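The values are calculated or read from the model by the stated rules, or taken from the named source; none is laboratory data. These figures come from a predicted structure and were not determined experimentally. Because the Cβ atoms are built from the backbone with ideal geometry, glycine has one as well, and the counts that use them run over all protein chains shown. Each accessible area value is taken on the protein alone, full model and side chains, heavy atoms only, with ligands, DNA and RNA left out. Shrake-Rupley method; radii C 1.70, N 1.55, O 1.52, S 1.80 Å.
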Amino acid sequence: ATLKVLKARDKDALLAIWQPVFNKLFLSSEITHFYFHGPDRLNILRVHAPERNGDLIDRFTARAAGRTGKVASGIELGPLGTFTLRVVQPVIHEGSLLGYVELGKEVEDVLSKLHQNPEIELATLIYKDKLSRTKWEAGMQMLGRDANWDYYENAVVIYASKNFVAEEMIRYD
């Protein structure tokens with residue numbers, strides 16, 4: 001059924017089939033992104049945000065999956081200023097590319113799980129010239145994180161294991 005609705009670019013049918021699967025993946029593995037793209041890499045459905053679709057997905061992982069015809073993965077900076085570990089799988093049926101399935105997980109979630117040693121603190125900063133302030137603030141709000149654009153002159157914190165880490169990092173800005 002999925003092959004038929006993917007080929008037809010039937011967003012509503014894809015959502016009906018895959019929303020329950022995404023809900024389980026989110027709860028069991030903290031998968032935060034789930035997409036279906038057409039063979040032209042135009043987004044058909046963001047299962048995690050069905051109101052947004054129709055844009056060209058031009059990230060490295062999507063382009064690599066298209067170029068090689070194989071699974072591609074990597075960590076990429078999204079438009080909302082978040083780092084996401086992405087995996088893109090081409091969907092090929094009877095020799096024809098029907099589209100792509102993409103899963104993503106916020107890297108900040110991975111970092112928080114890696115942080116097990118109480119003597120080690122972690123922080124991830126992104127230079128502001130790589131971001132749109134409005135989009136970054138919206139992304140941080142979506143994730144329930146503080147969005148202090150003005151804390152550093154040239155960078156923003158997207159993950160910190162403790163609040164004081166951000167204060168200690170000021171000398172590196």
| query | How many residues does the stretch 11-25 contain that are open to solvent by less than 60 Å² (accessible area, probe 1.4 Å) and either touching a Lys or Arg at 6+ places or on another chain (Cβ under 9 Å) or among the acidic types (Asp, Glu) (or both)? | reply | 1
| note | The number of residues in the stretch 49-64 that are touching a residue at least 12 places away in the same chain (Cβ under 8 Å) and either more than 25 Å from residue 126 (Cβ to Cβ) or within 10 Å of the chain's Cα centre (by Cα) (or both) is 3
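Conditions tested, residue by residue: (1) modelled with pLDDT of 95 or more; (2) of a type in the set (Gly, Ala, Ser); (3) open to solvent by 20 Å² or more (accessible area, probe 1.4 Å); (4) more than 26 Å from residue 136 (Cβ to Cβ).
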| position | (1), (2), (3), (4) |
| --- | --- |
| 29 | no, yes, yes, no |
| 39 | yes, no, yes, yes |
| 65 | yes, yes, no, yes |
| 70 | yes, no, yes, yes |
| message | Looking at residue 80 and the list (1) open to solvent by less than 40 Å² (accessible area, probe 1.4 Å); (2) modelled with pLDDT under 95; (3) aliphatic (A, V, I, L, M), which single condition is not satisfied? | response | (1)
| task | Filter the stretch 150-168 down to residues that are modelled with pLDDT of 60 or more and among the aliphatic types (A, V, I, L, M) and give me whichever is farthest from residue 113 (Cα to Cα). | result | 155
| query | For the stretch 51-103, which residues satisfy the criterion of being touching a helix residue (DSSP H, G or I) at 6+ places or on another chain (Cβ under 9 Å) and among the aromatic types (Phe, Trp, Tyr)? | reply | 83, 100
| field | So residue 102, is it open to solvent by 60 Å² or more (accessible area, probe 1.4 Å), among the acidic types (Asp, Glu) and within 14 Å of the chain's Cα centre (by Cα) | value | no
| What is the residue count in the stretch 105-153 for residues that are open to solvent by 60 Å² or more (accessible area, probe 1.4 Å) and either under 18 Å from residue 76 (Cβ atoms) or touching a Cys at 6+ places or on another chain (Cβ under 7 Å) (or both)? | 5
| task | Filter the stretch 83-95 down to residues that are open to solvent by 60 Å² or more (accessible area, probe 1.4 Å) and in contact (Cβ under 8 Å) with a residue 12 or more places away in the chain and give me whichever is nearest to residue 130 (Cα to Cα). | result | 85
| said: Would you confirm whether or not the stretch 49-62 contains a residue that is open to solvent by 10 Å² or more (accessible area, probe 1.4 Å) and of a type in the set (S, T, N, Q)? | reply: yes
